[in-house]
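Q: Let me begin by handing over the structure; questions about it come next.
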Amino acid sequence: MRRLTVVALSLAVATVASAHIGSPNVLFDGNAGPYPVRVIVRPPEVVPGLAEVIVRVNATDAQRVLIRPVFWRTGLKGAPAGDEMRRVAGQDRVYTGQLWLMAYGSLSVYVTVSGARGSGTAIVPVASFATGRLPLSPALSGILIVLGALLIAGLLTIVRAAVGESLVPPGQPFDPARRRHANVVMAIAAPVLALIIFGGARWWRAEDQGYQRNMYGSPAADPTVTVDATHRTLRLAVHDTAKFQAIYAPVTPDHGKMMHLFLMRVPQMDAFAHLHPTQTDSLVFTGEVPALPAGHYRLFGDMTLENGLSLTVTNTLDLPDAPGAVSPSDSDDVWIVTPVATHVAAGAVAPLGDGFTMSWKGEASPLSARQSTDLHFVVRDAKGDVAKLQPYMGMAAHAVVVRDDGSVFIHLHPMGTVATVSQELFALRDRGDTTSDGRLRAGALPGAMSGMSMSGELTFPYEFPKPGRYRIWVQVKPSAQVLTGAFDVDVR
Ligand SMILES: [Cu+2]
């Protein structure tokens, strides 16, 4: 009985499986045609469930905002019609709406803004998967057990009355023979009822197991480091965990790289590297680990699949000493050995090296969890002027946010948490450049971004998922070299 109620009320918890660990909300800064928008998607805790969508249009002439869930599997053709978003009272540029996420998989929210200047659509990839089950609280299960016991007792009483007292003609006594008969029938009914309850529990357990088979488990990454006279090579073998197959499409390059691998020494969080191992087998990535000191490291590897799904794998590894100077295996590899982390405060300035600085222009610490915020930085040159940036892997800046216990990781860009390549893959799919099973047709490779600001004024939209101490590494290229600024931020 108890197991039945416990199982019957276990609910599915789902989070998005995009390039993050523990940071499910999706933020996007970009354009829907002529209209600049910020889109926030807060995925539901249960699937099927409602995703909350907030759209802020930075224009006064928008008239309608539509949201539409588009699954990769079905494409735009198989997607339901859009829902019109509601304008938030008192805030004429902010719209809210909700979308039913009914299935698991790679999905995008299509946000269409229309107004006097025409209409345009922003694609916001939000892949939804079930990742856990909510436990049933002891208080609620106690109440349900009591109510269930009352129901069973009531049903047995009804059975006994139906074959006993209710058959006694008016004015006649309830004689012992009838009473015995009623008791016998009730004694037969009790095990029948128990069987029905047992069968129900078994049925639900089967449902629950089926659900758990579809639950998302972050793919595992097994690191091995080999050292010889001139190399310190990290080999990362990625594989699906448990029964759920998350990696059901080939890996595709994001910013031109098959994997973005971040290493940080723990617990100090000092030495930090952003590396790009090459794909040496379908799910094996291999690369050199340059000048990082030996120690215990946490690794986070970002990869994107051809079906638009972005995944992050994580693990820890012990890095042995390098045999000497190890040359990096990718020219975009960047590492920093002892960054001075600057605690964010009004006017906090982090040295970047080469005479450049990066200052914090966001809100004063502590920031609030579960609220959209701007991580706002300004890069200045030695003269104090706002620096002009060069693209580093197609982006003005890359930021990595990690909670000090490693439970939160996200790779951000000024456009937010979404991977550009995922948006491009959905756009390609809409144009019919992919096959139904999600393979890119030959030659249909994602193009480059255009219209990006390369100013040293940087804004990363983000929502911290929970309170704690976070470190933010921001990577920019104001000169020939990629420079990294490190900031610590407290979130309450
Ligand atoms: Cu990046």
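Q: Give the range 348-360 a look and list any residue that's farther than 20 Å from V337 by Cβ, modelled with pLDDT under 90 and surrounded by 15 or more Cβ atoms within 10 Å (Cβ to Cβ), or say none. Spell out the reasoning first.
A: At the first step, the residues of the range 348-360 found to be farther than 20 Å from V337 by Cβ are 348-349, 359-360.
Subsequent filtering for residues that are modelled with pLDDT under 90 retains 348-349.
A348, the sole residue that qualifies.
Q: Please tell me if A387 is open to solvent by less than 10 Å² (accessible area, probe 1.4 Å), touching a residue at least 24 places away in the same chain (Cβ under 8 Å), in the same structural domain as G468 (by TED's automatic domain parsing) and away from the ligand (no atom under 14 Å from the Cβ). Talk me through it step by step, then tell me what you get.
A: On the way: open to solvent by less than 10 Å² (accessible area, probe 1.4 Å): yes; touching a residue at least 24 places away in the same chain (Cβ under 8 Å): yes; in the same structural domain as G468 (by TED's automatic domain parsing): yes; away from the ligand (no atom under 14 Å from the Cβ): yes.
Criteria met by A387.
This table checks each residue for (1) more than 30 Å from G432 (Cβ to Cβ); (2) within 16 Å of the ligand (Cβ to nearest atom); (3) touching a residue at least 12 places away in the same chain (Cβ under 8 Å); (4) within 20 Å of the chain's Cα centre (by Cα).
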{"residue": "R235", "(1), (2), (3), (4)": "yes, no, yes, no"}
{"residue": "H239", "(1), (2), (3), (4)": "yes, no, yes, yes"}
{"residue": "T252", "(1), (2), (3), (4)": "no, yes, yes, yes"}
{"residue": "M259", "(1), (2), (3), (4)": "no, yes, yes, yes"}
{"residue": "M269", "(1), (2), (3), (4)": "yes, no, yes, no"}
{"residue": "P277", "(1), (2), (3), (4)": "yes, yes, yes, no"}
{"residue": "T286", "(1), (2), (3), (4)": "yes, no, yes, no"}
{"residue": "L305", "(1), (2), (3), (4)": "no, no, yes, yes"}
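Q: When P366 is evaluated against the numbered criteria (1) open to solvent by 10 Å² or more (accessible area, probe 1.4 Å); (2) away from the ligand (no atom under 16 Å from the Cβ); (3) at negative phi; (4) under 18 Å from the mean Cα position of the chain (by Cα), which criterion, by number, is the only one it fails?
A: For P366, the exception is condition (4).
Q: Could you tell me which of the residues V88, V55 is under 15 Å from V109 (Cα atoms), among the hydrophobic types (A, V, I, L, M, F, W, C) and modelled with pLDDT of 90 or more? Talk me through it step by step, then tell me what you get.
A: Details: V88 fails: under 15 Å from V109 (Cα atoms).
Among V88, V55, only V55 is under 15 Å from V109 (Cα atoms), among the hydrophobic types (A, V, I, L, M, F, W, C) and modelled with pLDDT of 90 or more.
Q: Answer yes or no as to whether A246 is open to solvent by less than 40 Å² (accessible area, probe 1.4 Å) and among the small types (G, A, S).
A: Judged against the criteria, A246 is a match.
Q: Sticking with this structure for a sec: Hey, among the residues in the range 392-405 that are more than 8 Å from the ligand (Cβ to nearest atom) and open to solvent by 10 Å² or more (accessible area, probe 1.4 Å), which one's modelled with the lowest pLDDT?
A: Ranking the qualifying residues of the range 392-405, first place goes to G394.
Q: Scan the range 228-243 for residues that are open to solvent by less than 70 Å² (accessible area, probe 1.4 Å) and either among the hydrophobic types (A, V, I, L, M, F, W, C) or not assigned by TED's automatic domain parsing to the domain that holds V421 (or both) and jot them down. Talk me through it step by step, then tell me what you get.
A: Pass one, the range 228-243, residues open to solvent by less than 70 Å² (accessible area, probe 1.4 Å): 232-234, 236-238, 240-241.
The answer is L234, L236, A237, V238.
Q: Count, please, the residues in the range 323-332 that happen to be under 22 Å from Q475 (Cβ atoms) and touching a residue at least 12 places away in the same chain (Cβ under 8 Å). I'd like the intermediate steps shown before the answer.
A: Pass one, the range 323-332, residues under 22 Å from Q475 (Cβ atoms): 326-332.
Right, trim to touching a residue at least 12 places away in the same chain (Cβ under 8 Å) and you get 326-330, 332.
The qualifying residues number 6.
Q: With the range 26-69 as the region, which strands (runs of 3 or more DSSP E) entirely inside it contain at least 2 residues that are touching a residue at least 60 places away in the same chain (Cβ under 8 Å) and open to solvent by less than 10 Å² (accessible area, probe 1.4 Å)?
A: Values: elements: 26-32, 35-42, 49-57.
Answer list for the range 26-69: 26-32, 35-42.
Q: Within the range 407-420, track down each residue that is within 11 Å of the ligand (Cβ to nearest atom) and more than 10 Å from the chain's Cα centre (by Cα).
A: Within the range 407-420, H411, L412, H413, P414, M415, A419, T420 qualify.
The values are calculated or read from the model by the stated rules, or taken from the named source; none is laboratory data. Keep in mind that what you see is a predicted model, and the values were worked out from it rather than measured. Neighbour counts are summed over all protein chains in view; Cβ atoms, including those assigned to glycine, are modelled from backbone coordinates with ideal geometry. With ligands, DNA and RNA removed, areas are computed over all heavy atoms of the protein, side chains included. Shrake-Rupley method; radii C 1.70, N 1.55, O 1.52, S 1.80 Å.
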